[in-house]
Amino acid sequence: MEIIAQYGTVFLILACIFGFFMAWGIGANDVANAMGTSVGSRALTIKQAILIAMIFEFLGAYLAGGEVTSTIRKGIIDPQVLENNPELMVYGMLSALLAAGTWLLVASIKGWPVSTTHSIVGAIVGFASVGISVDAVHWSKVGGIVASWVVSPLLAGTISFSLFMSVKMLILDTDQPFLRAKKYIPVYMWMVGFMIAMVTLLKGLKHVGLDFDMGLGSNFANAIPIATVIGLLVAGLGSLLMRNIQDDHDDENRFGSVERVFAVLMVFTACSMAFAHGSNDVANAVGPLAAIASTVQSGGEIAAKSAMPWWILLVGALGIVIGLATYGWKVITTVGRKITELTPSRGFAAELGAASTVVMASATGLPISTTHTLVGAVLGVGFARGIAALNLRVIGTIFMSWVITLPAGAGLAIIFFFLFKGIFSP
């Protein structure tokens, strides 16, 4: 308790710096998962993708980022084990942020799309099991999180595969693909608008003074008609934008006009994916920061549950945006152009499948890996065209970087934990 009282301000300043560093890493590395398909399919330029992502990542992180944060913060470590030594929680969360941020910096320089969720969960488990006690870790919670890393790419791949097959059946494999595209694409646009509206209404607005409950009560029932209307507005806007596209295809490229229609749709799915990613992945940066802030501000009391201050979400959201703007282009290129050849119709299916998976996870508080989700979605779309459409060498490299991430995060966190303990503890 004395250490918390003596160094409380220092801990808070370090937590903000390391939390911002971690959020920068998420922006530089993980946002590629939100934007890579748009750039790879050439629906958006890198500059346009970064601009869209900056806006919608910020909104997702700030409006809808609180739910997953509570899972990261209080689900992995047992607070009771640390009651008598709250400074160990502070050292641990500082080391977890610094370790995960460092690994993301290395991976971003190399152009590896790694999982920020892997990084931070590995770091927390590393310092807690080695620096405190194996019993301090809620292994059942960790097991659930690890299971979600397998479930999320499978779920995203299945949804994306199904979406692309529906596009093929309803639009591409027909006699008049352009007319069918104009008929059916507003329906897909409605799905995008509805999904993002639901997650914002049900869990995002509590940070701006409105609280919708995620349960199947009146708030859920009230949100459905509002989300339906928002979806219709998005579909209407998309239909207006599509009016300017003319069917000028030739025999060699009969889908040219259709793909241009899908490129309009990709703008909407890029927005939805960025929002969904921000809502889910801000937790990786602000969860440990919130744990430090609540411990310091309560004078050493480790609360099992504490409110998420708005300024902490703001630190995370700003860090993500700046990371994306300064270094996001490198991993965007890897994800968008090297796994499989993407067109706007394929990119749409991958993005909407991934965004749906991330939104579902965000709504239930499960910290999935957006990297796994989007790579799973891109693989699902590529698989719809046969195994030869996939670049297996690049996929192998990505899988290897995923395997390295957990031990790298854990190892760095253990080193930093004992370093902080040596500096601050008498």
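Assorted remarks:
- Cross-link pairs beyond the 29 Å C-alpha cut-off, checked among 141/421; 47/182; 47/338; 168/338; 110/168: 110/168
- Ordering 299, 409, 335 by the projection of their Cα atoms onto the charge dipole of the chain, which places +1 on the Cβ of Lys and Arg and -1 on the Cβ of Asp and Glu, puts 335 at the extreme positive end.
- Under the simplified labelling scheme, the residue 140-residue 383 pair shows an inter-label distance of 3.2 nm, with each label point 7 Å from Cα along Cα→Cβ.
- Inter-site label distance for residue 423 and residue 106 at 7 Å from Cα along Cβ, in nm: 1.9
- Sorting the segments 11-18, 50-57 by their residues' average number of neighbouring beta-carbon atoms within 10 angstrom, most packed first, yields 50-57, 11-18.
- Dipole of the chain [Lys/Arg +1, Asp/Glu -1 at C-beta], most positive-end residue of 130, 89, 390: 390
- When the alpha carbon coordinates of the range 2-424 are projected onto the principal axes, the ranges are 76, 50, 35 Å, largest first.
- Potential extension, residue 2-residue 48 segment - 0.36 nm per residue separation minus Cα distance: 11.5 nm
- Efficiency of FRET between residue 175 and residue 314 - r from beta-carbon atoms, R0 45 angstrom, step 0.05: 0.30
- Table column - 3J(HN,Hα) (Hz), the range 179-189, Karplus curve with 6.51, -1.76, 1.60, x for Gly and Pro: 5, 5, 4, 5, 6, 9, 4, x, 5, 5, 5
- Projected onto planes of every orientation and averaged, the convex hull of the alpha-carbon atoms in the range 326-426 covers 9.3 nm².
- Debye, to nearest 20: dipole size of the chain, +1 on Lys, Arg Cβ, -1 on Asp, Glu Cβ: 560
- Summed residue charge, Cβ within 13 Å of residue 339's Cβ, Lys/Arg positive, Asp/Glu negative: +4
Taken together, the values in this text are just the output of simple stated rules run on the coordinates, not laboratory data. Worth saying up front: this structure is predicted, and the values here are computed from it rather than measured. Cβ coordinates were reconstructed from backbone atoms using ideal geometry, including for glycine residues, and neighbour counts include every protein chain displayed.
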